[in-house]
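Trainee: Sharing a structure with you now.
The values are calculated or read from the model by the stated rules, or taken from the named source; none is laboratory data. Because the structure is a prediction, the values reported are computed rather than measured. Here Cβ is always computed from backbone atoms with ideal geometry, including for glycine, and neighbour counts include all displayed protein chains.
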Amino acid sequence: MTRRKTLSDLGVQNLKPKAARYVFPDPELGGHYVRVTPAGGKSFLALSRDPSGKQVWATIGATDLYEIEKARELAREAIKRIRAGLPAFEEKAKADTFKEVAENYVKRHVAANGLRSQDEIERILQKYIYPKWEKREFVTIRRSDVASLLDGVQDKNGPRQADYVLAVVRAICNWFASRHDDYQPPIARGMRRTDPKSRKRARILDDDEIRAVWRLAENNGTFGAIIRLALLTAQRREKIGAMKWDDIAADGVWNIPSEARQKGVGGALQLPEAARKIIAEQNRIGENPYVFPGRGNGHFQGWSPCKRGFDEKLLTALREEMAERGGDPEKAKIEPWVIHDLRRTARSLMSRAGVRPDIAERVMGHVISGVEGVYDRHSYFEEKKDALNRLAALVETIVNPPAANVTPLRAAL
């Protein structure tokens, strides 16, 4: 076979696989080869003999990792070392695995800064990322690896979960890049699986839906109580789920704790009678300090399974009502809704009840913008009390309307 006078990067790229693995010699450097496998994989190799005359092959690396001039440089060094009786390459310090980098990120960034998302970050790492990359050398993770990971999550758990995984991977890679001179994160624009703008929700429950959800919630234990309080107080589900008995004063004032780096909360809220009654109906469990207890001495956490069970019961109720009215129960369906939609619904109901927009925003704990938000330090306690009373009165009217105004549960809730 006639050797080529030179071998370029394009020439390496154009080497074709054969039925059996073969090596192609580099015309410009004796002892430097390209190995081509039947599957099309290509690697740079160095070949020389050690002082005892033994032939030693050394793999430099895949051809897509090095340009040929860099491969030749590494091959020359490897040949010199082999001839001197040394290992072909200097042993490098053990590279950090993805898990080691991720754990360091959690320790030095997430925990050190008190990020409230720590539990969720660790859950995503344990469930979606470690099973694939736990022992993977961190710096070898490439863009195609990220895309493959996201494809698997999207196929099994949906595009939104894939985006949450991407957010964690991106954060870890960016943090690592801030601490190392030569590292380039393997994340590119366009890797998201959903459009953030399209995810913004505008869903609120109408009166028929409020009535159906409320009536089912009345007989649905702890989760049902949380559902009703979410509608009566306009507070986030996490704050309601973590409500402590000590947070509720004897006069019914709920002092909502606010933690560092946390979105705003409603502060001190005088709860309406309907909300106080729901709380009073809850049983204290041993030494557990929470109104809605969870495992051990923790608070309620079972959002997803309880929501699924609640929706199943809601669908059953809908089917039974359709059957009573002579309709086809199989055509019954539930229009998707999430617990946070109740917060948005409560805000809309406050406007409907005549509550001033700035007061409704303060009830929800939203930041008031501009000069007013900076200089107005009034607590607005009485105004927020009036807003929640108006909200509770309107909810009562919706849930128990005059008989002539009752609308049957719709076929598509």
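Trainee: Out of (1) of a type outside the set (Lys, Arg); (2) within 21 Å of residue 110 (Cα to Cα); (3) surrounded by 20 or more Cβ atoms within 10 Å (Cβ to Cβ), what's the single condition that is false for residue 238?
Mentor: Answer for residue 238: the failing condition is (3).
Trainee: Sticking with this structure for a sec: Hey, residue 245 hits all of (1) under 26 Å from residue 398 (Cβ atoms); (2) at pLDDT 95 or above but one; which does it fall short on?
Mentor: (1)
Trainee: Which of the residues spanning segment 119-135 are within 15 Å of residue 167 (Cα to Cα) and of a type in the set (Asp, Glu)?
Mentor: Within segment 119-135, 119, 120, 122 qualify.
Trainee: Additional query: Report every pair of residues separated by at least 6 positions or lying on different chains whose Cβ atoms are under 8 Å apart, first residue within segment 222-244 and among the aromatic types (Phe, Trp, Tyr), second part of a loop (DSSP other than H, G, I, E, B).
Mentor: Pairs that qualify, where the first residue is among the aromatic types (Phe, Trp, Tyr) and the partner is part of a loop (DSSP other than H, G, I, E, B), are 223/300; 223/302.
Trainee: Let me ask something else. Name the single residue, out of those in segment 290-307 being outside any loop (DSSP other than H, G, I, E, B) and at pLDDT below 90, that is farthest from the chain's Cα centre (by Cα). Steps first, answer last, please.
Mentor: Kept after step one, since they are outside any loop (DSSP other than H, G, I, E, B), are these residues of segment 290-307: 290, 293, 299, 303-307.
Now drop any that are not at pLDDT below 90, which leaves 303-305.
Values: 303: 15, 304: 14, 305: 18 Å.
Out of the qualifying residues, it is 305.
Trainee: Further, regarding this structure: With respect to residue 285, is the statement that it is over 26 Å from the mean Cα position of the chain (by Cα) and in the same structural domain as residue 394 (by TED's automatic domain parsing) true?
Mentor: In short, yes.
Trainee: When you scan segment 125-139, how many residues do you find that are surrounded by fewer than 19 Cβ atoms within 10 Å (Cβ to Cβ) and in contact (Cβ under 8 Å) with a residue 40 or more places away in the chain?
Mentor: Of the residues in segment 125-139, 2 are surrounded by fewer than 19 Cβ atoms within 10 Å (Cβ to Cβ) and in contact (Cβ under 8 Å) with a residue 40 or more places away in the chain.
Trainee: Looking at (1) exposed (fewer than 13 other Cβ atoms within 10 Å of the Cβ); (2) under 41 Å from the mean Cα position of the chain (by Cα), find the lone condition where residue 87 falls short.
Mentor: (2)
Trainee: Still on this structure: Go through segment 29-52 and report how many residues are exposed (fewer than 13 other Cβ atoms within 10 Å of the Cβ) and not polar (S, T, N, Q).
Mentor: Pass one, segment 29-52, residues exposed (fewer than 13 other Cβ atoms within 10 Å of the Cβ): 30, 38-40, 51-52.
Add one more test, that the residue is not polar (S, T, N, Q), and what stays is 30, 38-40, 51.
So the answer is 5.
Trainee: Would you mind telling me which numbered condition in (1) β-branched (Val, Ile, Thr); (2) modelled with pLDDT of 90 or more; (3) surrounded by fewer than 19 Cβ atoms within 10 Å (Cβ to Cβ) residue 194 fails?
Mentor: (2)
Trainee: Mind checking which residues of segment 330-347 are more than 26 Å from the chain's Cα centre (by Cα) and exposed (fewer than 15 other Cβ atoms within 10 Å of the Cβ)?
Mentor: Answer for segment 330-347, where residues must be more than 26 Å from the chain's Cα centre (by Cα) and exposed (fewer than 15 other Cβ atoms within 10 Å of the Cβ): 330, 331, 333.
Trainee: Same structure, new question: Are any residues in segment 118-154 at pLDDT below 95 and hydroxyl-bearing (Ser, Thr, Tyr), and if so, which ones?
Mentor: 140, 144
Trainee: Name the residue that is farthest from residue 316 (Cα to Cα), counting only residues in segment 332-366 that are in contact with a helix residue (DSSP H, G or I) (Cβ under 9 Å, 6 or more places away or on another chain) and acidic (Asp, Glu).
Mentor: That would be 358.
Trainee: Could I ask something else about it? Against the conditions (1) outside the structural domain of residue 132 (by TED's automatic domain parsing); (2) surrounded by 15 or more Cβ atoms within 10 Å (Cβ to Cβ), where does residue 55 fall short? Just the number, please.
Mentor: (2)
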